[in-house]
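Q: This is the structure, below, for whatever I ask next.
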Amino acid sequence: MYNFCCTLPIIAGGTFENFVRPSPLFTFLELFSVTQTWRLPPLSSCRFSLYVISEETFSFNWLLAFREKLTCSWSLIATVASLVTLVSIVHMFLFPSVPSFDYFGYKQVKDSCIPINETINVEKKHILPLNATFPADLHKAVVYRGAPWKAEIGQWLSACSSVATTIKVLEPISGKKCEDGCSGQGICNHELGQCRCFHGFSGEKCSERLELSCNYPATEELPYGRWVVSICSTHCDTTRAMCFCGEGTKYPNRPVAESCGFQMILPSEPGGPKDVDWSKSDHENIFTTNGSLPGWCNVDPVEAYDLKVKFKEECDCKYDGLFGRFCETPVLSTCINQCSGQGHCRGGFCQCENGWYGVDCSIPSVHSSIQDWPKWLRPSQVTVPDNEQVTESIIGLKAVVEKKRPLIYVYDLPPDFNSILLEGRHFKLECVNRIYDQDNATIWTEQLYGSQIAMYESMLASPHRTLNGEEADYYFVPVLDSCIITRADDAPHLSMEEHRGLRSSFTLDFYKKAHDHIVEQYPYWNRSSGKDHIWSFSWDEGACYAPKEIWNSMMLVHWGNTNSKHNHSTTAYWADNWDQVPSDKRGNHSCFDPEKDLVIPAWKRPDVTSLTLKLWDRPREERKTLFYFNGNLGPAYERGRPEATYSMGIRQKLAEEFGSAPNKNGQLGKQHAEDVIVIAHPSESYHEDLASSVFCGVMPGDGWSGRMEDSILQGCIPVVIQDGIFLPWENVLNYESFAVRLGEDEIPNLVNILRGFGETEIEFRLANVKKIWQRYLYRGSILLEAERQKSAFGHINDWAEKLSELSDDDDVFTTFIQVLHYKLYNDPWRRQQTNMKNETGIPKECLLKV
């Protein structure tokens, strides 16, 4: 017997027993049978093909088509037609006002309409025709794995991705050696036979020591040079341009960052801010051994914690790898995937053990132990070349691993684009999503740009990763712009002088250099002119400043500005403005192309309180606020951004109409209402406030903001107000099913529009938010860290416990893989290819246009 969910099957001589009933139509059919079993007359003489149909496809025309597949009597067809007509009429009268069956919370398609009976083998799944009906609802969505997708994408995923099988991939295990073992100052990339040098070292053998000064050249007025983040009046570690106490002090490895080493200028008015005199060192408060007021470099932490001594308050512990008010506790630094258990993290750079390499030490060489290989390379069958002995001379092995497409090759770039940026950062919270406390337990950060690290780590640990560039479907180029921009101009060797102070131009150059490297070292770029390559741009305006050479590629961004309306730089921060970047570098491309690019969610840390209270699941009756927005509202409010261009004026317009707290002039919004909250001051119960609201505002800041993620993760219907600018997943998921998009000119009418939504529609969208909320959470990346913590220290953190209790729904990375799978066989340029991979793992019908 074949049992199907989600649509009505017509099966000769079969029964509907133990089926999943997704619509009122099936409930009605049960009225005909006390046993809840409906049986058609046997069609023993009929030859038939298995079809899956829905309520929307019931028609005489369909029966005619179905008749062509059946060699049996018209009398039986007439019987079926009569039953269908009766059911349709009753359904119409019973449920006349229901716009879609999905309003009742039933799923059109869970994983796909495939046999539930587990004895059916993979081959029989493939008898489902590609053009089988996966009907769109009235919002034009097709549901796949709980999420409402744009119809064509949802149909293909339901029919094809759901039945994908593994293929055998030949993974090359390399063993090329590097000269002189990189002199002990770097890691050997065994695929290329090239050294990846630690911070402060360079050359083919990493034998050249760099002198990275902390200070710009001195002048008579500025003996320590002009200000820069790395400015130092004590001891400079010239391998990293970082400032420490140095020899001769009680704590030589204690940082002396920025203002700590210089004299302070007291405020002219009581309560005013202090200033810094960068021309005068403050050695008295740094080096003194005075018993009651010791210098920063001699303060005993125990005495200071006991309040027995005083010290300079401007000094603190900013560098990674140290913890405590006085940097007294060495702790883990943040490295990519914490070196995968196969290396030591030295300030952000993985120093891999022998036999391993890669930015996270996850790539085994021929000298590694197979039993230690990562999960994405196991289980595997390893072949040793016949003409070689198992000795140190082996330069390559072949491992056969079963994987599903899409396959992603991750370039192991020189560390200038990732590890060195991490190792040399002057503020431990910059561009990472976690640091570590005195027990080496994870502290998640609020750094929105941490998504770049999360996506990178997920990709490196994914079963979709491959070392076989010839077999790969996509190529990821890991340039960490979140680190580049935050480190721009923070040391003399990262000067932006030739870029006129523009971080946008400075960052563009990094991407251009990465492009030049992969074109020179690898054969993959030119095969598609980079169309199958993926780049990540996490900063405020996304890929607006991408160099023209890489624009053919897919861009992963948080800012989906198509430039259809806002066709210039929208940031209010001048250094990030890309309007000034020369066109010979940038070209004339838009910031986002929805046909090829993807907006992905920003980083949000796992909030234990929200997870415990299940705020995403809060019911409608507990959501008393109609509309909620809490954020910077511009210059009219205390501590508001002074620039009129901030948020392109959108938040300011919202506050003018609906502000629910007084601005500087004591005025409320012109249309303020009791159940509409628009406030500028940070709420201490922000997540709770969102979870108590039906609709939540999503508007830009300096480019993108994290408001979409905040709304979804607290189960609130997002109200998007930013014309021509895509939000996370908006070009693949069907936003009409769970969000509201308004034009900027509709702001004055916002509340009237929202009050116009009926309860049925509100419940429908709230229900869909509940189904997709994990697609806006980096759950997989977070759980990778949970595994590392448990393995290394036995830690089982509260956030890990709460996440492990969740249903295993698709998260950000899983959604990303699903999109890649669809695009692999549906992007127009892919369809024009003649050299498609032989093994796809999907039915041949899926290679045709859906």
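The values are calculated or read from the model by the stated rules, or taken from the named source; none is laboratory data. It should be emphasised that the depicted structure is a prediction, and the values quoted were computed from it without experimental measurement. As a convention, Cβ positions derive from the backbone with ideal geometry for all residues, glycine included, and neighbour counts pool all protein chains shown. Ligands, DNA and RNA are stripped out before the accessible areas are found, and what is left, the full protein with its side chains, is counted by its heavy atoms. Shrake-Rupley method; radii C 1.70, N 1.55, O 1.52, S 1.80 Å.
Q: Mind checking whether some residue in the stretch 266-286 is more than 19 Å from S233 (Cβ to Cβ), open to solvent by less than 40 Å² (accessible area, probe 1.4 Å), in contact with a helix residue (DSSP H, G or I) (Cβ under 8 Å, 6 or more places away or on another chain) and not basic (K, R)?
A: no
Q: From the list T329, T334, which one is modelled with pLDDT of 95 or more and open to solvent by 30 Å² or more (accessible area, probe 1.4 Å)?
A: Numbers: T334 fails: open to solvent by 30 Å² or more (accessible area, probe 1.4 Å).
Residue meeting the stated conditions: T329.
Q: Out of the residues in the stretch 353-370 that are crowded, with 24+ Cβ neighbours inside 10 Å and closer than 19 Å to L397 by Cβ, which is farthest from the chain's Cα centre (by Cα)? Quick ask: steps written out before the conclusion?
A: Taking the stretch 353-370 and keeping what is crowded, with 24+ Cβ neighbours inside 10 Å, we get 356-365.
Okay, now just the ones that are also closer than 19 Å to L397 by Cβ, so 356-358, 361-365.
Working: W356: 27, Y357: 25, G358: 21, C361: 22, S362: 21, I363: 23, P364: 26, S365: 29 Å.
Selected residue: S365.
Q: Sticking with this structure for a sec: When you check I747 against the structure, is it more than 25 Å from R605 (Cβ to Cβ), of a type in the set (A, V, I, L, M), out of contact with any Gly (no Cβ under 8 Å at 6 or more places or on another chain) and open to solvent by 10 Å² or more (accessible area, probe 1.4 Å), yes or no? Walk me through how you get there before you give the answer.
A: On the way: more than 25 Å from R605 (Cβ to Cβ): yes; of a type in the set (A, V, I, L, M): yes; out of contact with any Gly (no Cβ under 8 Å at 6 or more places or on another chain): yes; open to solvent by 10 Å² or more (accessible area, probe 1.4 Å): no.
Here the answer is no, as I747 does not meet what is asked.
Q: Right, something else. Determine which member of the set S685, S660 is polar (S, T, N, Q), touching a His at 6+ places or on another chain (Cβ under 7 Å) and free of Cβ contacts under 8 Å to residues at least 40 places away in the same chain.
A: On the way: S685 fails: touching a His at 6+ places or on another chain (Cβ under 7 Å).
Being polar (S, T, N, Q), touching a His at 6+ places or on another chain (Cβ under 7 Å) and free of Cβ contacts under 8 Å to residues at least 40 places away in the same chain holds for just one of S685, S660, which is S660.
Q: Looking only at residues that are hydrophobic (A, V, I, L, M, F, W, C) and in contact with a strand residue (DSSP E or B) (Cβ under 7 Å, 6 or more places away or on another chain) in the stretch 498-543, which one is surrounded by the fewest Cβ atoms within 10 Å (Cβ to Cβ)?
A: Residues of the stretch 498-543 that are hydrophobic (A, V, I, L, M, F, W, C), as a first pass: 502, 506, 508, 510, 514, 518-519, 525, 534-535, 537, 539, 543.
Keeping just the survivors that are in contact with a strand residue (DSSP E or B) (Cβ under 7 Å, 6 or more places away or on another chain) gives 514, 518, 525, 534-535, 537, 543.
Values: A514: 22, I518: 18, W525: 22, I534: 22, W535: 25, F537: 25, A543: 29.
Per the stated criteria, the residue is I518.
Q: Residues that are over 24 Å from K802 (Cβ atoms) and touching a Leu at 6+ places or on another chain (Cβ under 8 Å): does the stretch 600-616 have at least one?
A: Residues of the stretch 600-616 that are over 24 Å from K802 (Cβ atoms), as a first pass: none.
No, the conditions are met nowhere in the stretch 600-616.
Q: Restricting attention to the stretch 676-710, which residues are closer than 24 Å to K664 by Cβ and polar (S, T, N, Q)?
A: Quick first cut of the stretch 676-710, residues closer than 24 Å to K664 by Cβ only: 676-684, 686, 689, 697, 699-702, 705, 707.
Residues satisfying the conditions are S683, S705.
Q: Of the residues that sit in the stretch 577-596 and are in contact with a strand residue (DSSP E or B) (Cβ under 8 Å, 6 or more places away or on another chain) and touching a residue at least 60 places away in the same chain (Cβ under 8 Å), which one is farthest from D509 (Cα to Cα)?
A: So, considering only residues that are in contact with a strand residue (DSSP E or B) (Cβ under 8 Å, 6 or more places away or on another chain) and touching a residue at least 60 places away in the same chain (Cβ under 8 Å), the one farthest from D509 (Cα to Cα) is P594.
Q: Hey, another quick one. Filter the stretch 803-845 for residues that are farther than 16 Å from W149 by Cβ, in a helix (DSSP H, G or I) and of a type outside the set (A, V, I, L, M) and give the result.
A: Those that are farther than 16 Å from W149 by Cβ, in a helix (DSSP H, G or I) and of a type outside the set (A, V, I, L, M): S804, F813, P828, W829, R830, R831, K844, E845.
Q: Quick test of your reading of the structure: N563 fulfils all but one of (1) free of Cβ contacts under 8 Å to residues at least 60 places away in the same chain; (2) more than 30 Å from L783 (Cα to Cα). Name the failing condition by number.
A: (1)
Q: Would you mind stating whether P129 is at pLDDT 95 or above, open to solvent by less than 60 Å² (accessible area, probe 1.4 Å), of a type outside the set (A, V, I, L, M, F, W, C) and more than 30 Å from V366 (Cα to Cα)? Before you say what the answer is, go through the steps one by one.
A: Working: at pLDDT 95 or above: no; open to solvent by less than 60 Å² (accessible area, probe 1.4 Å): yes; of a type outside the set (A, V, I, L, M, F, W, C): yes; more than 30 Å from V366 (Cα to Cα): yes.
It is false that P129 is at pLDDT 95 or above, open to solvent by less than 60 Å² (accessible area, probe 1.4 Å), of a type outside the set (A, V, I, L, M, F, W, C) and more than 30 Å from V366 (Cα to Cα).
Q: Hey, could you check the stretch 435-451 for residues that are within 18 Å of L556 (Cα to Cα) and open to solvent by less than 10 Å² (accessible area, probe 1.4 Å) and say which is nearest to the chain's Cα centre (by Cα)?
A: Looking only at the stretch 435-451, we keep the residues that are within 18 Å of L556 (Cα to Cα), and these are 447-451.
This time we only want the ones that are open to solvent by less than 10 Å² (accessible area, probe 1.4 Å), so: 450-451.
Values: G450: 9, S451: 5 Å.
Step by step, filter the stretch 435-451, then rank; the result is S451.
Q: Further, regarding this structure: Would you pick out the residues in the stretch 233-255 that are under 27 Å from G186 (Cα atoms) and either touching a helix residue (DSSP H, G or I) at 6+ places or on another chain (Cβ under 9 Å) or aliphatic (A, V, I, L, M) (or both)?
A: Initial filter on the stretch 233-255 (under 27 Å from G186 (Cα atoms)): 235-247, 252-255.
Correct list: R240, A241, M242, C243, F244, C245, G246, P252, R254.
Q: For the stretch 783-797, does any single residue satisfy the condition of being open to solvent by 70 Å² or more (accessible area, probe 1.4 Å), farther than 17 Å from A461 by Cβ and either among the charged types (D, E, K, R) or in contact (Cβ under 8 Å) with a residue 12 or more places away in the chain (or both)?
A: Within the stretch 783-797, one or more residues are open to solvent by 70 Å² or more (accessible area, probe 1.4 Å), farther than 17 Å from A461 by Cβ and either among the charged types (D, E, K, R) or in contact (Cβ under 8 Å) with a residue 12 or more places away in the chain (or both).
Q: Let me ask something else about it. Of all the strands (runs of 3 or more DSSP E) wholly in the stretch 211-320, which have at least 1 residues that are closer than 30 Å to R434 by Cβ? Please lay out each step first, then the result.
A: On the way: elements: 235-237, 242-244, 262-265, 275-281.
Answer list for the stretch 211-320: 235-237, 242-244.
Q: Go through the stretch 301-323 and give me each residue that's of a type in the set (A, V, I, L, M) and in contact with a strand residue (DSSP E or B) (Cβ under 9 Å, 6 or more places away or on another chain). Steps first, answer last, please.
A: Start the filter on the stretch 301-323 by keeping residues that are of a type in the set (A, V, I, L, M), which leaves 302, 304, 307, 309, 322.
Passing the criteria: only L322.
Q: In the stretch 805-835, which residues are farther than 19 Å from P606 by Cβ, crowded, with 19+ Cβ neighbours inside 10 Å and either out of contact with any Ser or Thr (no Cβ under 9 Å at 6 or more places or on another chain) or at pLDDT below 90 (or both)?
A: If the condition is that a residue be farther than 19 Å from P606 by Cβ, crowded, with 19+ Cβ neighbours inside 10 Å and either out of contact with any Ser or Thr (no Cβ under 9 Å at 6 or more places or on another chain) or at pLDDT below 90 (or both), then V819, L820, K823 are the ones that fit.
Q: Now, a different point. In the set E730, E761, which member is more than 19 Å from R651 (Cβ to Cβ), acidic (D, E) and assigned to a loop (DSSP other than H, G, I, E, B)?
A: Details: E761 fails: assigned to a loop (DSSP other than H, G, I, E, B).
Step by step, each of E730, E761 is checked, and only E730 is more than 19 Å from R651 (Cβ to Cβ), acidic (D, E) and assigned to a loop (DSSP other than H, G, I, E, B).
Q: What number of residues in the stretch 460-497 are open to solvent by 10 Å² or more (accessible area, probe 1.4 Å) and β-branched (V, I, T)?
A: The number of residues fulfilling the criteria is 1.
Q: Could you look through the stretch 329-381, keep only residues that are out of contact with any Leu (no Cβ under 8 Å at 6 or more places or on another chain) and of a type in the set (D, E, K, R), and pick out the one that is nearest to K177 (Cα to Cα)?
A: E353
Q: Can you name every residue in the stretch 722-736 that is more than 12 Å from E595 (Cα to Cα) and of a type in the set (D, E)?
A: D723, E736
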